[in-house]
């Protein structure tokens, strides 16, 4: 696949406001560039395609570089007008007189293809204290009548009122609560933000998106009518998450998974305590009466699985039968083995390929979402109960 | 649709609204190429994505002497070579192959079906397949009736379990003409009910074919103009640059009319021409497709020459490479009169389409592989722009590209920038693959999963196959009565015989260059 890259710099003056009109002019000018004419002469039609506006707030120069790579991969299949705010380290420091860089990127697929989809990207160097005026730069650069997605790569400034205002410029805010240093503690604040902006801006947590595979697999057990009874008779749930050596604990995925099960099955938290061997143990009341034990515990993993859900097991028992349903990462951890045990005997095993999704895959999934994800909101609401309860009870 | 949905509170908000219940799939002709290249890789891909139910099992049934281990090894090679998720993941394959077994058996030997019944009972006991069965006929069509009769005789078309279901998947071709299709249907219906029979035309499993339905019935702006008042003609092109690819024996008996037009192309015609169904359920959709097919104007034998052009390719060049003519292909009669190119004009006699010709064109060794449906709209009723101003102006064309570059384009007139009023046609394109990153599943994946779920929307119903055979049989009979054509009559690498261009020129039209 050949590629055509057109780049222009928009020059301003150090310290002066960003010249949004100049950026828009340069964007239009890209399409009159000689390289584009060259493509047309080869009977390839450059097709300026946008299915959405993607605004990225890259928290630091390193993450800005990573974002550009991800956006490149996204654009092959999901072309957008992309506006990247590349935040520099020093407040008010513009180390360059460049206001922005505008870029058009066209992909020419094989000899058979006569269409070259192109997308536009604007990269704006941004001081870290730009939050108060960020939305005034975003607004005029948006393509009209298309969904606008704001992807915030770092921890959300949940205490900042300007952040809440900036969020409402978008139809969806994407973030990753695994990026928070205190993921579980922040679940409550994210839930509050969700409640405050949900009517205008849907929320997507990539930690939740990673759970999609797990939710599918868990649901799979109970699609079998013979196992359906077990959902009403769960006695024990054990959820493990990865903790990389030397890294801060972040059980947010495990709490979201527990929150999901609780919200779907109508469970209510009764009490919780710290386990001696690490993690937490909760007593939970089932919707139909009866109680179950929910254990959330860390397992040591390599850096790349830090925070990731590693296994989930549900045990159920009634007067006549017992069963255990388990799913766990196995081998090089790119597959998940599912097993059903009855009366202490494994009756069925089943493995599915479930490599942890990379960032672009997660984003594509979220970019395809339109509207609110009520199941996530319910799960978040329940997960915050688990996390808040621990805090209220002074449990570390 | 048979009801297989299970209430599961954990499924809310998940991508899959339903997953199939545990079942066993018996594949007759399991030692063949279809199994190795298409069916098993498709099933494996479903397993990789977690779309198969736990306990799902495959029983391969064929004449070849082979152990289950050898069978599994052969299938593993197929997955490594042909799966879009190749090579096989060791963990997934290990658990998937536990559900695969092989049974050597004769198709006509009743006692072998007794052994099959025992194997299926074992799977029910050990893997919880609950008496649910799919029988897949991946054999030559000559074996269909024997297998189905023996399944019936062994009681394998009935289940001892109350909620269990039985389904039969039949591969194309469904007969060689209307009479043989009707005979086959009647034969199948002696053992299975119509609701249990899934006639597979893999073309309907293609994402972009299904997108045609979405395009027509999920967009309010097209329906008002989707009729004879606005549409001048419809052109459907299904071109292949490849030749016979080692299928000479089969192809020489079939020809393009049977191989492509009777099934794939008439499916596209029905999707374009059908009325909006009441619901998006199997029978509602198929009712409307059948009505459209039945409305095709009956073909009279004395008209066949006027409404068709047939061709056969001679030697030529494809993409800079010399290629042999059809008669030089292995397995082909050196004096073959089989057509490798067909152009047909069909008329649909109903209120929506009266007078709008549907031009169908399909051929082998054409310059490029392309499938598209082009809807050509009427010219404006009173042209304001004449002469050189509008010299290059063409009618509006809505092109639905099935492959490659799946998407939709609309040709519209626009003013060329400048001080003068000069117009030209420009294409406004939507490229399907640039908007959706989800890798399209293989057609067989979608269709096999649908069958497990009991959704027959994308399978052809008895009356549909028969309605599609009606005009095709009339054309075949007309050709049989006509003097033998002068073949070869087009060079490989061209867009078919010159007669095909003249054919449209007589109607004052020309083929689109897809």
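Values quoted throughout were computed directly from the atomic coordinates according to the rules given, and no laboratory measurement underlies them. The model shown is predicted, which means the values in this text are computed figures rather than measured ones. Cβ coordinates were reconstructed from backbone atoms using ideal geometry, including for glycine residues, and neighbour counts include every protein chain displayed.
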Burial-style ranking of A:67-74, B:448-455, average other-beta-carbon count within 10 Å with highest first, yields B:448-455, A:67-74
The FRET efficiency for residue A:361 and residue B:305, from their Cβ-Cβ distance with R0 = 51 Å and rounded to 0.05, is 0.35
Distance in Å, no decimals, from the C-alpha centre of the range A:234-268 to the one of the range B:346-390 is 59
For the pair residue B:67 and residue A:73, the simple spin-label estimate (label points 7 Å beyond Cα toward Cβ) gives in nm 4.3
So the angle from the long Cα axis of helix A:20-30 to the longest Cα principal axis of chain A, reported in degrees to the nearest 10, equals 80
So the angle from the long Cα axis of helix B:144-153 to the longest Cα principal axis of chain B, reported in degrees to the nearest 10, equals 30
Per residue of A:212-223, other chain Cβ atoms within 10 Å number on average 6
Rounded to 0.05, the calculated FRET efficiency for the beta carbons of residue B:328 and residue A:345 at R₀ = 60 Å is 0.40
Taking Cα atoms, the helix B:462-481 axis meets the longest principal axis of chain B at an angle in degrees (rounded to 10) of 60
Distance in nm between residue A:334 and residue B:145 label points, each 7 Å along Cα→Cβ, equals 5.1
Partner shielding of A:352-359, taken as the mean number of other chain Cβ atoms within 10 Å, equals 4
Helix-only [θ] at 222 nm, chain B, -39500 (n - 2.57) per DSSP H run of 4+, per residue, nearest 500, equals -9500 deg cm²/dmol
The computed P(r) of the protein assembly as shown puts the percent of Cα pairs beyond 37 Å at 56
From the Cα centre of the range B:460-514 to that of the range B:165-188, the distance in Å is 25
Residue-normalised 222 nm signal for chain A, counting each DSSP H run of n ≥ 4 as -39,500 (n - 2.57), nearest 500 deg cm²/dmol, is -9500 deg cm²/dmol
Length gained, residue A:389-residue A:129, 0.36 nm per residue minus C-alpha separation, equals 90.2 nm
In whole percents, the bins of 5 Å from zero upward hold the Cα-Cα pairs of the range B:177-328 as 1, 6, 11, 17, 17, 16, 13, 10, 6, 2, 0
Across B:21-28, the residue-averaged tally of Cβ atoms belonging to other chains within 10 Å stands at 1
Here the relative contact order (percent) of chain A, from C-alpha pairs under 8 Å and at least 6 apart, is 14
If B:296, A:138 are placed from fewest to most neighbouring beta carbons inside 10 Å, the sequence is A:138, B:296
